[in-house]
Amino acid sequence: MTVNRLRPFGETIFTTMSALAAKHEAINLGQGFPDTDGPARMLEIARAEIAAGNNQYAPLRGQQVLLDAITSTFGVPESHVLVTVGATEAITATVLGLVEPGKEVIVLEPYYDAYAAAIALADATRVPVPLQPCGASWDLDVEAIAAAITERTAMIIINSPHNPTGAVFSRPALEELARLCEKHNLLVLADEVYENLVFNGAEHTRFYSLPGMSKRTVWVNSAAKSYNCTGWKTGWAIAAPELLDGIIKAKQFMTFVGFSPVQPAVAHALLHEDAWVQDMVAGLKECHDILVSGLRYAGFPVHETKGTYYVVADVEHTGMDGIEFCTQLPATRGVAAIPLAAFCDQPEPWKYKVRFAFCKRPEVIHAAVERLLN
Ligand code: PMP
Ligand code: GLN
């Protein structure tokens, strides 16, 4: 039994593809999670915190040490910060706390699946607008977004660096979007969980920092991608207190608070592990290059990754669409990937696009490439 508003949602594509990968002992380049740990000192602090008894409820907004680290790292007042159970809770609490039933929320296609579920839970309506091709990557289509705005539009959800395409939205396009949001008085949920993972000369623009945007933007981030700790589910939302109020009201009855002992560890990482992050990103770039040249050698046209740890390949020449391709790949090649069609309401332009994650050790990426070539 499932309530109507959740009935359209099946098992997530990540669960499906990870299960197929396990069944066929495939190398899992589907679900995005690294196969190495985060900074050693960060892990040590978490262990020490458990041993020292930091095992009870944190305050509602988060432990002071993490609030301090977030305020100083991102240059915002403490009244603007809420620690959440991953970016996922920040996203869901933002939509539940700030969007009335029946209102419209614009999402950019292909979009991360949690947005659609949050919008459905809020009994709001999702309005998808596709990204537009831009060189070998993609960018915002601000004209198409403008055309999608109605008097019911309450919010737009943006995500840059972008999962699943690996695009990083250009500053001029984001500035134009900012003007549009101002004109139509829209809220913006800016999911920037991959902000540290940018390559190939791309530059990430923090939407919250654009003129006039801090009052209408909920800036979502997480420790997961920057410090290789996707299982810690520790993220945060940054927003003006008038917006944070609604988000807190939703959050306090979803989880009340997050996991205590990792909060000082994440605080340490924010304050002291920039060099580790730079090394990690350099390592990712190496894995990106191995995977991209392997995919090209295997005959796949490959799109440009500007950020995230994903690369998109085109599989049209195989005679299969992306879903068919990804469904057979674990069994036939021993590799798992994710079809972009799974992130779309209008899959046509994305039908042959497939996402591979390169957040694995170089030897694992080499092994995956060998399997794709055989
Ligand atoms: N947003 C995007 C775009 C993601 O790819 C993910 C998955 N890592 C999340 C949010 C969720 O992050 P978390 O694991 O911190 O909940
Ligand atoms: N964010 C990761 C991805 O896009 C994992 C998402 C998940 O498992 N829900 O692959």
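The values are calculated or read from the model by the stated rules, or taken from the named source; none is laboratory data. These numbers were taken from a predicted model, which means no experiment stands behind them. Reconstructed Cβ throughout: ideal geometry from the backbone, glycine too, with neighbour counts over all protein chains shown.
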Residue count, the range 281-302 (criterion: assigned to a loop (DSSP other than H, G, I, E, B), free of Cβ contacts under 8 Å to residues at least 40 places away in the same chain and small (Gly, Ala, Ser))
1
Considering only the range 320-357, state which residues are part of a loop (DSSP other than H, G, I, E, B) and either modelled with pLDDT under 95 or farther than 17 Å from PRO301 by Cβ (or both).
GLY334, CYS344, ASP345, GLN346, PRO347
Extreme residue, surrounded by the fewest Cβ atoms within 10 Å (Cβ to Cβ), among residues of the range 120-154 that are under 30 Å from THR2 (Cβ atoms) and either polar (S, T, N, Q) or free of Cβ contacts under 8 Å to residues at least 12 places away in the same chain (or both):
THR150
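Quick check, is GLY10 of a type outside the set (D, E, K, R), under 30 Å from GLY322 (Cα atoms) and either within 16 Å of ligand 1 (Cβ to nearest atom) or touching a strand residue (DSSP E or B) at 6+ places or on another chain (Cβ under 6 Å) (or both)?
No: the conditions fail for GLY10.
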For the range 32-45, what are the residues that are surrounded by 20 or more Cβ atoms within 10 Å (Cβ to Cβ), within 16 Å of ligand 1 (Cβ to nearest atom) and modelled with pLDDT of 95 or more?
PRO34, GLY38, MET42
When residues of the range 201-241 are filtered for being surrounded by fewer than 19 Cβ atoms within 10 Å (Cβ to Cβ) and either among the aromatic types (Phe, Trp, Tyr) or closer than 23 Å to THR36 by Cα (or both), how many remain?
2
Filter the range 295-339 for residues that are of a type in the set (Asp, Glu) and either farther than 18 Å from LEU284 by Cα or within 16 Å of ligand 2 (Cβ to nearest atom) (or both) and give the result.
ASP314, GLU316, ASP321, GLU324
Counting only helices (runs of 4 or more DSSP H) entirely within the range 190-280, those with at least 3 residues that are more than 16 Å from ligand 2 (Cβ to nearest atom) and modelled with pLDDT of 95 or more are 241-254, 263-272
Picking from PRO34, PRO110, PRO59, which residue would you name as being within 16 Å of ligand 2 (Cβ to nearest atom), over 15 Å from CYS229 (Cβ atoms) and out of contact with any strand residue (DSSP E or B) (no Cβ under 7 Å at 6 or more places or on another chain)?
PRO110
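Matching residues to (1) closer than 20 Å to VAL99 by Cα; (2) touching an Asp or Glu at 6+ places or on another chain (Cβ under 6 Å); (3) away from ligand 1 (no atom under 16 Å from the Cβ):
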{"position": "ALA120", "(1), (2), (3)": "yes, no, yes"}
{"position": "ILE158", "(1), (2), (3)": "yes, no, no"}
{"position": "PRO161", "(1), (2), (3)": "no, no, no"}
{"position": "VAL188", "(1), (2), (3)": "yes, no, no"}
{"position": "ASP191", "(1), (2), (3)": "yes, no, no"}
Picked from the range 303-314 (must be crowded, with 24+ Cβ neighbours inside 10 Å and part of a loop (DSSP other than H, G, I, E, B)), the residue nearest to the chain's Cα centre (by Cα) is THR308
